[in-house]
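Novice: Right, I'll just put the structure down here and ask away after.
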Amino acid sequence: TDRPFLVESDSRALADDGIGVHVLSHARMRVSRDKAGKLTSVGEGKPESLMLLEIDRQPAAQMSVIEARIRKVLDEVRAIVQDWSVMREKMVSLSDDLATRRMPVDDAGRREAQEFLRWAANDHFTFFGYREYRIEQKSGERILEAVDGGLGLLRGKQNSTTRNVKSLAAHYMPQSGSVDTII
């Protein structure tokens, strides 16, 4: 399936692994596949993104590692693109929610924060992931605990490390038990 960020993400993954890309061709083509995914026709059906990358010569044993890396990147891009609209809606909802939240800023600061969040949600920001956190009291410290779930790159990753609230901006100290969104 064709998606945004495919070329950039695959190219970056290879570059991060020190693999040079000499030729990169990317085309969209309509294809049909059977239920097993086998190609049945070209020129009709759903559009798919086809990429050809000519890379530095690699040892045969390294090819499965490269393939696994590219598959992982494609899975990440898929999760980001599939969850993009929900992450955007969360940003707009958070902006609306600021009207009723206790904040350490005046009304002008609140409006500025709301306007910034709406601006970012209006295609001025690329959302990679989203997760909400709850502030819990543990051993006398206020700790951020991830709320179940996550979107984009954070989808299905429930094992996030806890973080002490003191590590956040010193002037904002949410109350224990409140749900705050960290983007």
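The values are calculated or read from the model by the stated rules, or taken from the named source; none is laboratory data. Since this is a predicted model, take the numbers as computed values, not measurements. All Cβ positions, even for glycine, are placed from backbone atoms using ideal geometry, and neighbour counts span all protein chains on display. Each accessible area value is taken on the protein alone, full model and side chains, heavy atoms only, with ligands, DNA and RNA left out. Shrake-Rupley method; radii C 1.70, N 1.55, O 1.52, S 1.80 Å.
Novice: Are any residues in the range 36-84 open to solvent by 40 Å² or more (accessible area, probe 1.4 Å), part of a helix (DSSP H, G or I) and of a type in the set (D, E, K, R), and if so, which ones?
Specialist: Selection gives 67, 69, 71, 72, 75, 76, 78.
Novice: Determine, yes or no, whether residue 117 is surrounded by 15 or more Cβ atoms within 10 Å (Cβ to Cβ) and at pLDDT below 90.
Specialist: Values: surrounded by 15 or more Cβ atoms within 10 Å (Cβ to Cβ): yes; at pLDDT below 90: no.
No, not satisfied.
Novice: OK, next. Quick test of your reading of the structure: residue 158 fulfils all but one of (1) over 20 Å from residue 76 (Cα atoms); (2) modelled with pLDDT under 80; (3) in contact with a strand residue (DSSP E or B) (Cβ under 8 Å, 6 or more places away or on another chain). Name the failing condition by number.
Specialist: Tallying (1) over 20 Å from residue 76 (Cα atoms); (2) modelled with pLDDT under 80; (3) in contact with a strand residue (DSSP E or B) (Cβ under 8 Å, 6 or more places away or on another chain), residue 158 fails exactly one: (1).
Novice: Got at least one residue in the range 122-144 being free of Cβ contacts under 8 Å to residues at least 12 places away in the same chain, out of contact with any Pro (no Cβ under 7 Å at 6 or more places or on another chain), surrounded by 11 or more Cβ atoms within 10 Å (Cβ to Cβ) and assigned to a helix (DSSP H, G or I)?
Specialist: No, because not a single residue in the range 122-144 is free of Cβ contacts under 8 Å to residues at least 12 places away in the same chain, out of contact with any Pro (no Cβ under 7 Å at 6 or more places or on another chain), surrounded by 11 or more Cβ atoms within 10 Å (Cβ to Cβ) and assigned to a helix (DSSP H, G or I).
Novice: Looking only at residues in the range 95-108 that are part of a helix (DSSP H, G or I) and either modelled with pLDDT of 90 or more or polar (S, T, N, Q) (or both), which one is least open to solvent (accessible area, probe 1.4 Å)? It would help to see each step written out before you state the result.
Specialist: Step one: filter the range 95-108 for residues part of a helix (DSSP H, G or I), giving 95-97, 107-108.
So of that shortlist, the ones also either modelled with pLDDT of 90 or more or polar (S, T, N, Q) (or both) come out as 95-97, 108.
Details: 95: 0, 96: 83, 97: 55, 108: 54 Å².
Taking the candidates together, the pick is 95.
Novice: Out of (1) open to solvent by 90 Å² or more (accessible area, probe 1.4 Å); (2) in a strand (DSSP E or B); (3) within 16 Å of residue 74 (Cα to Cα), the odd one out for residue 26 is which?
Specialist: (1)
Novice: Right, another one. For residue 74, state whether it is out of contact with any Leu (no Cβ under 9 Å at 6 or more places or on another chain) and closer than 30 Å to residue 17 by Cα.
Specialist: Numbers: out of contact with any Leu (no Cβ under 9 Å at 6 or more places or on another chain): no; closer than 30 Å to residue 17 by Cα: yes.
No: the conditions fail for residue 74.
Novice: Separate question: Within the range 3-15, which residues are open to solvent by 50 Å² or more (accessible area, probe 1.4 Å) and closer than 23 Å to residue 84 by Cβ?
Specialist: Let us first name the residues in the range 3-15 that are open to solvent by 50 Å² or more (accessible area, probe 1.4 Å), namely 4-5, 8, 12, 15.
Once the filter is applied, which keeps residues that are open to solvent by 50 Å² or more (accessible area, probe 1.4 Å) and closer than 23 Å to residue 84 by Cβ, the range 3-15 yields 4, 5, 8, 12.
Novice: Based on what the data block shows, is residue 31 surrounded by 14 or more Cβ atoms within 10 Å (Cβ to Cβ) and over 15 Å from residue 70 (Cα atoms)?
Specialist: Working: surrounded by 14 or more Cβ atoms within 10 Å (Cβ to Cβ): yes; over 15 Å from residue 70 (Cα atoms): yes.
Yes: the conditions hold for residue 31.
Novice: Could you please tell me which pairs satisfy a Cβ distance under 6 Å, a separation of 6+ or placement on different chains, a first residue in the range 88-111 that is farther than 27 Å from residue 128 by Cβ, and a second residue that is exposed (fewer than 11 other Cβ atoms within 10 Å of the Cβ)?
Specialist: Here the result reads 104/171, each pair linking the range 88-111 to a residue that is exposed (fewer than 11 other Cβ atoms within 10 Å of the Cβ).
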